[in-house]
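Below you'll find the structure, written out as structure tokens, and then a few comments.
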């Protein structure tokens, strides 16, 4: 009888440890999911800020280069697509890549107009956009780090058992095409050049 009591006590202890592990793992998933959502909201705030700056920038450039209608239309269309609600991080990244490429073409147009480059309004808008781009990049790094941590936990054994039971799934990364970003990233380098 004593042996049965010890076996029951050990079994109860193991069951209690398993339940405790399950609770801790579940709470870890909830924490990571909330971190990913919070990080995405921060990126979303900066993306909205970026989208709000673009019409002012386009209008400023239009005043100097009104005949560049195709570029303005492209930027406007790309901004509208990027600002549309409901896109997940992967789709939002595609739309932001298109917007960045269109902005690169807008800044290429601006390069041809020295008066525009010297405009205080244009310089201010471009500086603000550059600062916003930097905050988006920082937010993207923070978001993707949290996504990586969540995805690792969702896929790793034995936490993947809890993930499957409670329907915790992988999150999408927010990846910007660095080639597009490098080619079309807004720059504030309008220093005077000789010639």
Tally, over region 99-136, of residues that are free of Cβ contacts under 8 Å to residues at least 12 places away in the same chain and either buried (at least 18 other Cβ atoms within 10 Å of the Cβ) or under 18 Å from the mean Cα position of the chain (by Cα) (or both)
2
With the requirement that a residue be surrounded by fewer than 19 Cβ atoms within 10 Å (Cβ to Cβ) and without any contact (Cβ under 8 Å) to a residue 60 or more places away in the chain, what does region 73-91 give you?
73, 74, 76, 77, 80, 81, 83, 84, 85, 86, 87, 91
So which residues in region 137-154 are buried (at least 16 other Cβ atoms within 10 Å of the Cβ) and either out of contact with any helix residue (DSSP H, G or I) (no Cβ under 7 Å at 6 or more places or on another chain) or without any contact (Cβ under 8 Å) to a residue 12 or more places away in the chain (or both), if there are any at all?
144, 151
If residue 66 meets every condition in (1) assigned to a helix (DSSP H, G or I); (2) more than 23 Å from the chain's Cα centre (by Cα); (3) without any contact (Cβ under 8 Å) to a residue 12 or more places away in the chain apart from one, which number is that one?
(1)
Could you please let me know if residue 45 is touching a helix residue (DSSP H, G or I) at 6+ places or on another chain (Cβ under 6 Å), under 17 Å from residue 174 (Cα atoms) and assigned to a helix (DSSP H, G or I)?
no
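Is it the case, given these coordinates, that residue 57 is within 18 Å of residue 133 (Cβ to Cβ), in contact (Cβ under 8 Å) with a residue 24 or more places away in the chain and in a helix (DSSP H, G or I)?
Criteria met by residue 57.
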Failed condition for residue 94, given (1) surrounded by fewer than 18 Cβ atoms within 10 Å (Cβ to Cβ); (2) touching a residue at least 12 places away in the same chain (Cβ under 8 Å), with all others met?
(2)
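Every number here is computed from the coordinates shown, using simple stated rules; none is lab data. Please read all numbers here as calculations on a predicted model, not as lab measurements. No Cβ is skipped: glycine too gets one built from the backbone with ideal geometry, and neighbour counts run over all protein chains shown.
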